[in-house]
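Taking it in order: structure first as structure tokens, then the write-up.
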């Protein structure tokens, strides 16, 4: 027996060393793998960022999709879609957004318990990436913008319907949180240009429930002369003499009810989303008698596009969207066990006293970290005149709020898994000691056995750092009715990194519209 112990010791020592080495080195997390793509964005090298994402997908071209969708691929395609939008490759961006949307699921933050969330947020048991509510609604809103920039109201209407289906679901299961003001605004613009006054008013009322939009005051007055819907926030934007005496409601037109929650587009909520081609003609729209004082304002896209005309009688109009920065992303972080127990509270399961004997006195979990954003705000000048812009969404703040809500569950799940590891390590320690009682090295054997077990389990239990890291931090919107003809626009983004100016020329036709997008992602 004694002759065989040195070999056992050597094996256990090797196993312990390997386990501890694996733990120290680990394998690359998602944030590690996408770091080069984010670094390229910070330098303004958008093609370089796409190239790095293509390497992860093992494809050559931005239009190429994975032949086999592995668990991270849908998220990488989503990241690439956003970068392509910043490059003004709107057709390719739309293709990527649509493909990712079909593969992604929603992470149910309200209903999933600590155990289920814990199983998801650690890489040894994670499957396909699941988006948070803010990410899911932003996906549909960003893709809707792709169609609007190309002047495709039909495609934009379909994407607006997808946005509505998801927003309605989120409102039903988590009524305490509002999301998606940016998407509601864009969906309202789509229906306004289609001539659906009541649907446009419903969407605008929905957006106004989250924040005020000065840019909606004149459009709401115009639409109110054509439609009957009067929501609470819509009424606040009307002149005193045009507000309803009591109640809100909206008879006529699109059937009343809450903003877009009955299905989003015209017709019933059972209307098909994909391949929607109902062929109906938009209702006639009459021009209001009084032209708003903002009629001289304008905006234009970074490159000329032949814009399609909207419903008969619609005024020439331009919508400008500027997106700055990127939202916080996830990286592995360590926190002392004592502090972790205090944060997790009731979400810890198991005997926490076992953690006193474990080798690892810290908890590793995914934490949000702020990127180095160069730009935060945007300024719009049309033909030399300053045009005000609204902050439509602070997506970074929404992402942080969502994460802080589930953070105790995540840390609780991490602690619960550490307890399981500690119990397994204690079993190995006892087994090693019993096998080497007569060797004089029982303590060392037990320690190495525990190290081998616990170290290996820790190495396999890396926190999942996946998140939509190319999602813009803030979305700004400006809009105006313009006279037909040529216009010059300057969109200047500014922040800690200085200023960056985007200038372009555009011609808007009578009754037509244009949507301008400037995206920096840094």
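The values are calculated or read from the model by the stated rules, or taken from the named source; none is laboratory data. Everything numeric in this text was worked out from a predicted model, so none of it was measured. Note: ideal-geometry Cβ built from the backbone for every residue, glycine included; neighbour counts use all protein chains shown.
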message: Whether any residue in region 104-115 is assigned to a helix (DSSP H, G or I) and either at pLDDT 75 or above or farther than 30 Å from residue 89 by Cβ (or both) is what I want to check.
response: yes
- request: Give the number of residues within region 47-79 that are without any contact (Cβ under 8 Å) to a residue 24 or more places away in the chain and either over 16 Å from residue 94 (Cβ atoms) or within 18 Å of the chain's Cα centre (by Cα) (or both).
  value: 13
- prompt: Can you name the number of the only condition in (1) in a helix (DSSP H, G or I); (2) at pLDDT below 95 that residue 176 fails?
  reply: (1)
message: Residue under question is residue 391, and the condition is that it be within 30 Å of residue 204 (Cα to Cα), modelled with pLDDT under 95 and surrounded by fewer than 23 Cβ atoms within 10 Å (Cβ to Cβ); does it hold?
response: no
statement: Taking region 374-406 and the residues there that are in a helix (DSSP H, G or I) and touching a helix residue (DSSP H, G or I) at 6+ places or on another chain (Cβ under 7 Å), the one that is farthest from residue 324 (Cα to Cα) would be 406
query: Within region 216-252, restricting attention to residues that are at pLDDT below 50 and more than 33 Å from the chain's Cα centre (by Cα), which residue is surrounded by the fewest Cβ atoms within 10 Å (Cβ to Cβ)?
result: 246
task: Out of 382, 411, report the one residue that is modelled with pLDDT under 85, surrounded by 15 or more Cβ atoms within 10 Å (Cβ to Cβ), under 30 Å from residue 183 (Cβ atoms) and in contact with a strand residue (DSSP E or B) (Cβ under 8 Å, 6 or more places away or on another chain).
output: 382
query: Of all residues in region 320-334, which are touching a helix residue (DSSP H, G or I) at 6+ places or on another chain (Cβ under 9 Å), crowded, with 23+ Cβ neighbours inside 10 Å and either assigned to a strand (DSSP E or B) or at negative phi (or both)?
result: 321, 323, 326, 327, 329
Region 67-100, subset at pLDDT below 95 and touching a helix residue (DSSP H, G or I) at 6+ places or on another chain (Cβ under 8 Å), residue surrounded by the most Cβ atoms within 10 Å (Cβ to Cβ): 72
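Here is a yes/no grid of residues against (1) surrounded by fewer than 24 Cβ atoms within 10 Å (Cβ to Cβ); (2) in contact with a strand residue (DSSP E or B) (Cβ under 9 Å, 6 or more places away or on another chain); (3) farther than 30 Å from residue 96 by Cα:
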| residue | (1), (2), (3) |
| --- | --- |
| 478 | no, yes, no |
| 486 | yes, yes, yes |
| 489 | no, yes, no |
| 494 | yes, yes, no |
| 504 | yes, yes, no |
| 507 | yes, yes, no |
| 513 | no, yes, no |
Subset of region 34-73 [over 22 Å from residue 517 (Cβ atoms) and in contact with a strand residue (DSSP E or B) (Cβ under 9 Å, 6 or more places away or on another chain)]: 34
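A quick yes/no check of all residues on (1) touching a strand residue (DSSP E or B) at 6+ places or on another chain (Cβ under 9 Å); (2) free of Cβ contacts under 8 Å to residues at least 24 places away in the same chain; (3) within 21 Å of residue 101 (Cβ to Cβ); (4) outside any helix (DSSP H, G or I):
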residue: 158; (1), (2), (3), (4): no, no, yes, no
residue: 164; (1), (2), (3), (4): no, no, yes, no
residue: 170; (1), (2), (3), (4): yes, no, yes, no
residue: 185; (1), (2), (3), (4): yes, no, yes, no
residue: 193; (1), (2), (3), (4): yes, no, no, no
residue: 200; (1), (2), (3), (4): no, no, no, no
query: Given the structure, is residue 40 over 22 Å from residue 327 (Cα atoms), crowded, with 20+ Cβ neighbours inside 10 Å and modelled with pLDDT of 95 or more?
result: no
statement: How many residues of region 46-66 are in contact with a helix residue (DSSP H, G or I) (Cβ under 7 Å, 6 or more places away or on another chain) and part of a helix (DSSP H, G or I)? The answer is 8
